[in-house]
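The values are calculated or read from the model by the stated rules, or taken from the named source; none is laboratory data. This one's a predicted model, so the numbers in the text were calculated from it and none came from an experiment. Positions of Cβ are backbone-derived with ideal geometry, glycine not excepted, and every protein chain shown enters the neighbour counts.
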Amino acid sequence: MSDFQITDNTRVRRRPERAHYDRDLVNSIIDEALVCNVAFVSDGLPRIIPTSIVRIENDIYLHGSPNNRMLTALADGVNACISVAHIDAIVMGRSGMGCSVDYRSVVIFGNAEVVTESEHKAKVLYSVIDSTLPGHKVRELKESELAATLVLKFPLKEVSAKVRDIGVKDIEADYELDAWAGVIPLKTVPGQVQDCPRIKPGIVTPAYALNYPGPSGK
Ligand SMILES: Cc1cc2nc3c(=O)[nH]c(=O)nc-3n(C[C@H](O)[C@H](O)[C@H](O)COP(=O)(O)OP(=O)(O)OC[C@H]3O[C@@H](n4cnc5c(N)ncnc54)[C@H](O)[C@@H]3O)c2cc1C
């Protein structure tokens, strides 16, 4: 599959050397995300709403209640701009301007297609669970649950990524200062697994939960 074409919308203007339109990189940034932020205009106001995201092949999906304002607006064809960002490190330079973060981010433009076919909807909803904790199996979805969930598909077409991974970059004169500068990597790490207090006797905590590496290691 080819890389994304640069459009007027997706051309990164500041620090264009940090821009990427590589599909594998975009996919990896999206797949590490548990949430995205969805921007859209509704009732004359710009709104940004955080929500879950899952990618299947060359599409991303959002899901939720059919009463959800964001989802219903998007289902009606409102333009969406969806972003995902990971902070990989805080970068502390020798000046305020030299302080920054290393990051990987993606911006997606698009319009939703409503997923109506039950099998497709179910596949998306199971993928949300599997992409959150690979290996976790849930009981079969009920028809009523499927009916009570709106699933929207956004083909990945107009997409950009931006990556800062250079650590400290101070102006040349500042390297002579008697001051510490450096990078502190940041990572989302799982805490201790807690079994549901109502778990049936004899059910052991599965290895996929005990060994969950966190979203960056999925
Ligand atoms: C965690 C984090 C912290 C940041 N902090 C700052 C900050 O404090 N100050 C600052 O100036 N910038 C910051 N940035 C960079 C910021 O996201 C923009 O890239 C920056 O504002 C440049 O905008 P522009 O005017 O060149 O692009 P715009 O004209 O606003 O954008 C044009 C197009 O470029 C693409 N694009 C722009 N930025 C990104 C991005 N980050 N990821 C993917 N595609 C993008 C989009 O498709 C967008 O529509 C941060 C980014 C991240 C991820």
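Which of the residues belonging to region 167-177 are among the hydrophobic types (A, V, I, L, M, F, W, C) and surrounded by 15 or more Cβ atoms within 10 Å (Cβ to Cβ)? Val168, the sole residue that qualifies. Remark: Asp76 falls outside the filter, which requires a residue to be under 25 Å from Thr149 (Cβ atoms), touching a Lys or Arg at 6+ places or on another chain (Cβ under 8 Å) and away from the ligand (no atom under 16 Å from the Cβ).
So, of the residues in region 84-96 that are crowded, with 17+ Cβ neighbours inside 10 Å and within 11 Å of the ligand (Cβ to nearest atom), which turns out to be nearest to Lys157 (Cα to Cα)? The selected residue is Val84.
Per the conditions (1) more than 27 Å from Pro213 (Cβ to Cβ); (2) more than 16 Å from the ligand (Cβ to nearest atom), the sole criterion not satisfied by Cys99 is (2). Return yes when Thr205 is of a type in the set (S, T, N, Q), loosely packed, with under 15 Cβ neighbours inside 10 Å and either in contact with a helix residue (DSSP H, G or I) (Cβ under 6 Å, 6 or more places away or on another chain) or modelled with pLDDT under 95 (or both) and no when it is not. Here the answer is no, as Thr205 does not meet what is asked.
The one condition from (1) closer than 18 Å to Ala33 by Cα; (2) surrounded by fewer than 14 Cβ atoms within 10 Å (Cβ to Cβ); (3) within 16 Å of the ligand (Cβ to nearest atom) that Arg164 does not meet is (2). Kindly establish whether Leu146 is over 26 Å from Tyr103 (Cα atoms) and more than 20 Å from the chain's Cα centre (by Cα). So Leu146 passes the test.
Got at least one residue in region 67-81 being part of a loop (DSSP other than H, G, I, E, B), surrounded by fewer than 17 Cβ atoms within 10 Å (Cβ to Cβ) and among the β-branched types (Val, Ile, Thr)? Yes, region 67-81 contains a residue that is part of a loop (DSSP other than H, G, I, E, B), surrounded by fewer than 17 Cβ atoms within 10 Å (Cβ to Cβ) and among the β-branched types (Val, Ile, Thr). Remark: Leu156 falls outside the filter, which requires a residue to be at pLDDT 95 or above and either more than 16 Å from the ligand (Cβ to nearest atom) or in contact with a Cys (Cβ under 6 Å, 6 or more places away or on another chain) (or both). Filtering region 38-49 for residues that are basic (Lys, Arg), away from the ligand (no atom under 14 Å from the Cβ) and under 30 Å from Lys187 (Cα atoms) leaves a non-empty set. Residues in region 81-104 that are within 16 Å of the chain's Cα centre (by Cα) and of a type in the set (S, T, N, Q): 1 in all. Condition test on Ala112, is it over 30 Å from Asp178 (Cα atoms), over 20 Å from the mean Cα position of the chain (by Cα) and away from the ligand (no atom under 13 Å from the Cβ)? No: the conditions fail for Ala112. For Val107, the conditions (1) within 16 Å of the ligand (Cβ to nearest atom); (2) more than 16 Å from the chain's Cα centre (by Cα) all hold with the exception of (2). For Tyr61, only one of the following conditions fails: (1) more than 27 Å from Asp165 (Cβ to Cβ); (2) in contact with a strand residue (DSSP E or B) (Cβ under 8 Å, 6 or more places away or on another chain); (3) surrounded by fewer than 18 Cβ atoms within 10 Å (Cβ to Cβ). What is its number? Unmet condition: (3).
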